[in-house]
1. Of the cross-linked pairs LYS377/LYS539; LYS423/LYS598; LYS490/LYS535; LYS18/LYS329; LYS345/LYS426, which ones have a Cα-Cα span greater than 27 Å in the structure shown?
2. Please give the net charge around ILE273, taking every other residue with its beta carbon less than 13 angstrom from that of ILE273, where Lys and Arg add +1 and Asp and Glu add -1.
3. Could you tell me the largest-minus-smallest coordinate of the C-alpha atoms of the stretch 423-488 on each of the three principal axes, in descending order and whole angstroms?
4. Report for the stretch 2-172 the percent antiparallel among DSSP-assigned beta bridges with both residues inside it, nearest 5.
5. Scan around PHE168 for amide H atoms under 5 Å from its own, H built in the peptide plane at 1.01 Å from N, and keep only partners 5 or more places away or cross-chain.
6. How many percent of Cα pairs in the chain exceed 39 Å?
7. For LYS350, go through the aspartates and glutamates and keep the ones whose alpha-carbon is under 12 Å away, minus same-chain ones fewer than eight residues off.
8. Quick one: which residues, 5 or more positions from MET505 or on another chain, have an amide H under 5 Å from its amide H? H modelled 1.01 Å from N in the peptide plane, none for Pro or chain starts.
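We did not get these values from a lab; they are worked out from the coordinates using the rules stated. For clarity, every value in this text was computed on a predicted model and none was experimentally measured. Note that we place each Cβ from the backbone using ideal geometry, even for glycine, and neighbour counts take in every protein chain shown.
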Amino acid sequence: MYILGISDSHESHACLLKDGKLISCIAEERLNRIKGYVGYPKLAIEKVLKITKIRSNDIDHIVVASYNAGIFQLFLKPTCSWTPKDWVDQHNNYWKPKLLKNKRLSPLDDFNFNKKKISNIRNNPYFEFIKKTSGKKFNYNKFSSILQSVRKETVIKHLKVTKDKVSFIKHETCHQYYGYFSQVNFKNKKSIVLTLEGGGDESSATISEFKQNSYQEIYKTNDAMFGRIYRYITLLLGMKPCQHEYKVMGLAPYSSEYHGIRSLKFFNSFHKIKGHKIYRNKKIKDVYETSKINLEGERFDGIAWGLQKSLEDFVLLWVNNIIKKFKCKNIVLSGGVAQNIKLIKFLNEKSNAKHVWAGPISGDGSLAIGACWAKLKTIKPKIKILGLNTIYLGSEFDQSQTENIIKQAQKKFKVVKNISNKKIAKWLSEGLIIARCNGKMEFGQRALGNRSILADPRNHSVLDKINQKIKFRDFWMPFTPTILNEDISKFIINKNKLFSPFMTMAFSTNKFNKNKIIAAVHPADQTTRPQMLRKEENKEYFDLIKEFKKLTGVGALLNTSYNLHGEAIVENPKQAYNTFLRSDLDILVIGKYAIIRKTNKRK
Ligand SMILES: [Fe+2]
């Protein structure tokens, strides 16, 4: 049985499930090059079908994540196309008068304020919705239902399938199924799955219980505010909401109670927890405006620290109360807030849970996978779902694509054929910075070796070069390592022996060997977010690190995604080469070829 999953929320993507096995998944942003893209993932759908050699006739079911998908968000696309200033304008024109001055404004007014920012609205696959609602008075239920039928028609027309094949899965259900079945070394153990996010179809937090072949949502509330608080604090600190929340998290360890105590008190005032239930402070009507007033004059890093501390304390209490009430110590967190890797570290160390898991890309970037698993379990409750055994689910490239690029590269650079891992490891050990484009592309926001920039983790001096000349990254953000699983205990403290192959958890570093991976350690709190690599997951990449270990004694490399700042990670050899041209990278390895920058005097 083939199930095609589609998500048109931000980080839109498509995936294909064959019986219980996920066989392909690609985000639209990798193909259309618009980071964090929101909208119908036409290219991604076509790509997963091409990769798996499946025709649309072969698909048994098509599931679309989310009932509502934000009525005008699919046209305004703020999460991928707005600047921070655009968000502030929206606040001043729409949210502030609506929430604080009780003006009767609807999402249609918001759309009208902002529609001048949209170019080529007629090219939007859902344009039929604009035609059908034109001139009509806004009614949430009616507009919602029109949009859903337009989204369905779009799939039917695109794939030429019958309408009975297409169904929708509730947003929160997608997060819940994804969280549960993405557990590494999945054993189908009873688990409590919590979602925490800005907002789904019905709620911003849920509690569900998963047992062998059953699932039940036990609790939901729209009173959990942390997803929204993170969104608007990201904006208040001058960054892009729904994209740069991780930068606020990365800033937090630079501060302490000294600068953050007043911010902490403010963030603590948003909620109360009684047992497993969350209650919002109803006096706070608008997150952005209230935060602006209360945090004026507070230091930027103190705000980030206070928010992280408040979140950690809040979720710790919630999780411990839930464990007590539902008598289950396997906890899974899903939804946007679960992408906070420091929170997952904190819960694994401090909560009463035996294990706290968050899947990779546990925000909206994985909704389609959850939708497929939910649909399959509804049709065949006893079927075995194989979980997320690999993240190398994307495009692969063939020899002809590589050779075209190599011909171009030979005119400008030195090109070496049949490059060995031994040679690449030697270059790395000499301090060169190398991009690697090889094999199947990783799904999601993390590069796990196949679309990565690699460097010597012992060498602190590579940081400035990667930051300024290659990534133009934010100076406070740390890099991450890939560590051979057999060497993991040398570098990190991992009392519960957690296996983290997708860079979803932070760990404290071992003080004796920290200097050997110092370039991939957070400079302020000395934590690291490793990809733990076993041979069976990526043999070629594993062998490369083995060669590096033979030379240096260190079974680890600094690994960061291969993209320039603000761009999506590269997908194919052409993009890899174009990015190389616009950067100051020393070497680009594509498959078995190495393209060496001639200005690199060392080679
Ligand atoms: Fe979500």
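1. Numbers: LYS377/LYS539 32 Å; LYS423/LYS598 17 Å; LYS490/LYS535 18 Å; LYS18/LYS329 31 Å; LYS345/LYS426 34 Å.
Distance filter (> 27 Å) returns LYS377/LYS539; LYS18/LYS329; LYS345/LYS426.
2. On the way: positive: LYS272, LYS274, LYS277, ARG280, LYS324, LYS325; negative: ASP223, ASP313.
Value of the local net charge: +4.
3. Ordered largest first, the stretch 423-488 gives principal extents of 28, 28, 23 Å.
4. Details: 12 of 20 bridges.
That works out to approximately 60 percent antiparallel.
5. VAL64
6. Working: 50453 of 181503 pairs.
Every Cα pair in the chain considered, those over 39 Å come to 28 percent.
7. Leaving aside aspartates and glutamates fewer than 8 places away in the same chain, those within reach of LYS350 are GLU312, ASP313.
8. Those lying under 5 Å, H to H, from MET505: there are none.
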